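Quick note: the coordinates plus some simple rules give every number you see, no bench work behind them. Bear in mind the structure is a predicted one, so any value in this text is a computation, not a measurement. Note: ideal-geometry Cβ built from the backbone for every residue, glycine included; neighbour counts use all protein chains shown.
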Amino acid sequence: MPRWWLVIPCLLLMTLTSAPDALLINDFIVRRYERHYGFESSARGQRTACRLQSSTSTPGYWYLEQYSLDGAAYDIVQKDAAKFNVKNSFATLIPSLFAIILLGSNCDTIGRRPLLLLPFIGKVARYIFMLIIIARDLSDGWLLVGHACEALFGSVGIVMLSALAFITDCTRESERTRPFVIAEVIALLARVVPVLAVGLWLQRFLYTVPTSVCLGLSVIGMLYVLFIQPESVQSV
């Protein structure tokens with residue numbers, strides 16, 4: 001039976017690439033609509049207001065009063081960003097349900113390696129889409145296509161499910177607590193570092209570098225699953 005810790009790199013790489021996704025896409029959309037409506041040279045506080053409104057429960061008008069001198073005009077950026085987030089949620093809902101129900105419920109039949117591999121394929125496709133969109137300034141529809149494609153292959157949830165199933169296969173019942181705790185702690189810490197790093201980066205620079213880094217990590221994860229990660233389901 002393979003060692004349980006061989007699945008940890010898959011979990012780590014998937015979490016590192018997934019953690020900054022929301023920050024990257026929200027910042028990208030806000031800046032895109034700022035440019036569209038002529039707010040590109042506006043104060044940083046206006047962008048802060050829009051980001052904070054989309055990520056906290058504090059009423060948006062509070063941030064507008066605190067940070068924006070012309071909040072009524074800038075409000076159109078917030079509205080369009082909110083509309084995009086709604087469309088994005090709908091675009092990923094059905095593919096996500098498909099991945100969770102079809103793939104997750106057949107984990108023992110399909111095997112652990114395929115379910116670890118598919119989310120990395122989705123990530124690679126999504127980040128390639130994103131780099132093309134950044135380079136060619138394509139429409140929001142292509143962003144939705146990229147996100148739907150990623151959701152169709154599953155994402156961090158499928159990897160976590162497969163990783164815990166792999167650990168279960170490779171350990172006795174009395175030995176599972178420590179591996180489960182280690183996996184959860186690694187996943188938790190891996191969510192914090194990339195968000196901080198990308199947040200600091202976006203204060204001064206744009207999206208090509210962090211998106212390329214995420215693409216590179218996804219490719220590494222895909223190659224790891226293909227050539228190193230063993231299968232723990234003996235019947236597959």
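Counting neighbouring Cβ atoms within 10 Å and putting the fewest first, the residues Ile25, Ile76 line up as Ile76, Ile25.
Given their separation in residues at 0.36 nm each and the Cα-Cα distance between them, Ile76 and Ile132 gain 17.5 nm when the chain is fully extended. Stretching Leu223 away from Ile94 to a fully extended chain increases their span by 43.7 nm, per 0.36 nm per residue minus the current alpha-carbon distance. For Ser235 and Arg178, a Förster radius of 30 Å and the Cβ-Cβ distance give a FRET efficiency of 0.65, rounded to the nearest 0.05.
If you take the beta carbon distance between Leu102 and Val145 as r and set R0 to 25 Å, what does 1/(1 + (r/R0)^6) give as a FRET efficiency, to the nearest 0.05? After rounding to 0.05, the efficiency reads 0.75. For the peptides 120-132, 93-105, the ranking by packing is 120-132, 93-105, with the highest mean count of neighbouring Cβ atoms within 10 Å listed first.
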